[in-house]
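For reference, the structure discussed in these notes is given below.
The values are calculated or read from the model by the stated rules, or taken from the named source; none is laboratory data. Only a predicted model underlies this, so the values are computations on that prediction, with no experimental measurement involved. FYI the Cβ positions are ideal-geometry reconstructions off the backbone, even for glycines, and counts take in every protein chain you see. The accessibility values were calculated without ligands, DNA or RNA, using every heavy atom of the protein model including side chains. Shrake-Rupley method; radii C 1.70, N 1.55, O 1.52, S 1.80 Å.
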Amino acid sequence: MYETVKTVKGYDITRMKGTKGAYHVNVREGKGFREFHTFKTIKAAVEFIEKVL
């Protein structure tokens, strides 16, 4: 089960409940296609969202 850690620009930064160091950002979902990126820190995930998306 995933929990939302932070929301930036409408994108949720999630992690597996009870874990540390693996934060996921879902870029596209639906129609059988899913693209997500994994980061070690929340700060890195926020920087990715602000610069790329």
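Assorted remarks:
- Solvent-accessible area, 1.4 Å probe, carbon plus sulfur percent, for the chain: 53 percent
- Over the chain: helical MRE at 222 nm, DSSP H runs n ≥ 4 each giving -39500 (n - 2.57), nearest 500: -6500 deg cm²/dmol
- For segment 33-42, Karplus couplings with θ = phi - 60° (6.51, -1.76, 1.60), whole Hz, Gly/Pro x: 10, 9, 10, 9, 10, 10, 10, 7, 10, 5
- Think of a 1.4 Å ball rolled over the protein heavy atoms: the chain then has 76 Å² of accessible area per residue.
- In this structure, the pairs whose alpha-carbon distance is over 18 Å, taken from LYS9/LYS51; LYS17/LYS40; LYS6/LYS43; LYS31/LYS51; LYS6/LYS40, are LYS31/LYS51.
- Using the Cβ-Cβ distance between GLU50 and LYS20 with R0 set to 22 Å, the FRET efficiency works out to roughly 0.45.
- With loop membership from DSSP and a limit of 15 other Cβ atoms within 10 Å, the longest segment of the chain without trypsin sites (Lys or Arg not before Pro) is 41-53.
- Magnitude of the charge dipole for the chain, about its Cα centre and with charges confined to Cβ atoms of Lys, Arg (+1) and Asp, Glu (-1), is about 100 debye.
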